[in-house]
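Chemist: Got a structure for you, written out below as structure tokens; questions coming shortly.
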Amino acid sequence: MLKENLENILKRIQITAINCDGNAESVRLVAVTKTVPAHRVKDAIEAGATIFGESYVQEARDKIRELSAYAVSWHFIGTLQSNKAKYVVKLFDLIHSVDSVKLAMEINKQAEKIGKIQDILIQVNVAGEPQKSGISSVKTLEMLKAVSKFENISVKGLMTMPPYFNDPERARPFFKQLRQLRNKLQKELSDLSSAGHIRLDELSMGMTGDFEAAIHEGATLVRIGTAIFGERV
């Protein structure tokens, strides 16, 4: 079942991407494996998944260690507190959920200690939901200017989590807002972008219920768990 689920999702991503820009490789799947045991992650690897998203440091550390023989990429997609940054920097290739200069500063500090340039995404709360993490759209430029001074961080793009809707079309305007914000920031940060620390090529948005709408609005990374592994217990 897992293999069939994964193949179905990959096919839907590919078809949607082709319909949008003609490039089947323009969108990558982040298979969300929080609470999924290592043996099922191994099955997903063998079925063709290459990027995995985790939200809890301790759980991820054990899983990554157990699956270290596999050449896959690990992304941290959960809420990150500064005191956990040192562990996340050691474990993950990309951090999706950086939402403050304070957190970015700590990530930079920990990355410098181990001689790493840590790739990150800036999490933006485009809907302004008080219960969700993420910097506001209007403060994103200011944050990026501050983060651009950190030598051991490379900003690859933006991430968002829209409000939950049963109808994916209702989420689409929030995906569009993130894309428009990215395009605006790219123009305003052209000098910083040329330095290499800020690229903003990636848009991490879209999950099981709305990823096709997200792809239509420019997503390059979609975070999908339930449609692959089933409901979490």
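Chemist: On the basis of being within 20 Å of Ile224 (Cα to Cα), touching a helix residue (DSSP H, G or I) at 6+ places or on another chain (Cβ under 9 Å) and either modelled with pLDDT under 90 or surrounded by fewer than 20 Cβ atoms within 10 Å (Cβ to Cβ) (or both), does Glu188 make the cut?
Modeler: No; evaluated as a whole, the condition is false for this residue.
Chemist: Then there is this: Please identify the pairs in which a residue from the range 16-42 that is under 27 Å from Tyr70 (Cα atoms) has its Cβ atom under 6 Å from the Cβ atom of a residue that is surrounded by 14 or more Cβ atoms within 10 Å (Cβ to Cβ) and of a type in the set (Lys, Arg), counting only partners at least 6 apart or on another chain.
Modeler: Val30/Arg223; Val32/Arg223; Ala38/Lys63
Chemist: Can you pull out the residues in the range 200-209 that are free of Cβ contacts under 8 Å to residues at least 60 places away in the same chain and either under 15 Å from Gln177 (Cα atoms) or among the aromatic types (Phe, Trp, Tyr) (or both)?
Modeler: Leu200, Leu203, Met205, Gly206 - these are the residues of the range 200-209 that are free of Cβ contacts under 8 Å to residues at least 60 places away in the same chain and either under 15 Å from Gln177 (Cα atoms) or among the aromatic types (Phe, Trp, Tyr) (or both).
Chemist: Among the candidates Lys90, Lys86, Lys116, Lys63, single out the residue that is over 26 Å from Thr220 (Cα atoms), touching a helix residue (DSSP H, G or I) at 6+ places or on another chain (Cβ under 9 Å) and of a type outside the set (Asp, Glu). Working first, answer last.
Modeler: Numbers: Lys90 fails: over 26 Å from Thr220 (Cα atoms); Lys116 fails: over 26 Å from Thr220 (Cα atoms); Lys63 fails: over 26 Å from Thr220 (Cα atoms).
Exactly one residue qualifies, and that residue is Lys86.
Chemist: For the range 28-60: of the residues being in a strand (DSSP E or B) and in contact with a helix residue (DSSP H, G or I) (Cβ under 9 Å, 6 or more places away or on another chain), which is farthest from Arg232 (Cα to Cα)? Outline the logic, then answer.
Modeler: The initial filter retains those residues of the range 28-60 that are in a strand (DSSP E or B), namely 28-32, 51-54.
From the residues that got through so far, the ones that are in contact with a helix residue (DSSP H, G or I) (Cβ under 9 Å, 6 or more places away or on another chain) too are 28-29, 31-32, 52, 54.
Details: Arg28: 23, Leu29: 19, Ala31: 14, Val32: 11, Phe52: 16, Glu54: 14 Å.
Here the answer is Arg28.
Chemist: So, one more: Pairs, please: C-beta under 9 Å, at least 6 apart or cross-chain, first residue modelled with pLDDT under 95 and in the range 168-184, second among the aromatic types (Phe, Trp, Tyr) and surrounded by 19 or more Cβ atoms within 10 Å (Cβ to Cβ)?
Modeler: Here the result reads Pro168/Phe211, each pair linking the range 168-184 to a residue that is among the aromatic types (Phe, Trp, Tyr) and surrounded by 19 or more Cβ atoms within 10 Å (Cβ to Cβ).
Chemist: Looking at the range 88-106, is at least one residue at pLDDT 95 or above, in contact with a Phe, Trp or Tyr (Cβ under 8 Å, 6 or more places away or on another chain) and small (Gly, Ala, Ser)?
Modeler: To start, the set of residues in the range 88-106 that are at pLDDT 95 or above comprises 88-106.
Restricting the remaining residues to those that are in contact with a Phe, Trp or Tyr (Cβ under 8 Å, 6 or more places away or on another chain) gives 88, 91-97, 104-105.
Narrowing further to those that are small (Gly, Ala, Ser): 97, 104.
Yes, the range 88-106 contains at least one residue that is at pLDDT 95 or above, in contact with a Phe, Trp or Tyr (Cβ under 8 Å, 6 or more places away or on another chain) and small (Gly, Ala, Ser).
Chemist: Any residue in the range 221-232 that is under 13 Å from Gly209 (Cα atoms) sitting within a Cβ distance under 9 Å of a residue that is in a loop (DSSP other than H, G, I, E, B) and among the small types (Gly, Ala, Ser)? List the pairs, counting only those 6 or more apart or interchain.
Modeler: Once the first residue is under 13 Å from Gly209 (Cα atoms) and sits in the range 221-232, its partners that are in a loop (DSSP other than H, G, I, E, B) and among the small types (Gly, Ala, Ser) give Val222/Gly206; Arg223/Gly206; Ile224/Gly206; Thr226/Gly209; Ala227/Gly209; Ile228/Ala49.
Chemist: Tell me, which residue of the range 25-60 that is of a type in the set (Gly, Ala, Ser) and more than 18 Å from the chain's Cα centre (by Cα) is nearest to Ala219 (Cα to Cα)? Full working, then the answer.
Modeler: Within the range 25-60, the first condition is being of a type in the set (Gly, Ala, Ser), and the residues that meet it are 26, 31, 38, 44, 47-49, 53, 55, 60.
This time we only want the ones that are more than 18 Å from the chain's Cα centre (by Cα), so: 38, 44, 47-48.
Values: Ala38: 28, Ala44: 22, Ala47: 23, Gly48: 20 Å.
Here the answer is Gly48.
Chemist: Sticking with this one: Could you tell me how many of the residues in the range 80-113 are surrounded by 18 or more Cβ atoms within 10 Å (Cβ to Cβ) and among the aromatic types (Phe, Trp, Tyr)?
Modeler: Selection size over the range 80-113: 1.
The values are calculated or read from the model by the stated rules, or taken from the named source; none is laboratory data. Everything quoted here is computed from the prediction, not taken from an experiment. All Cβ positions, even for glycine, are placed from backbone atoms using ideal geometry, and neighbour counts span all protein chains on display.
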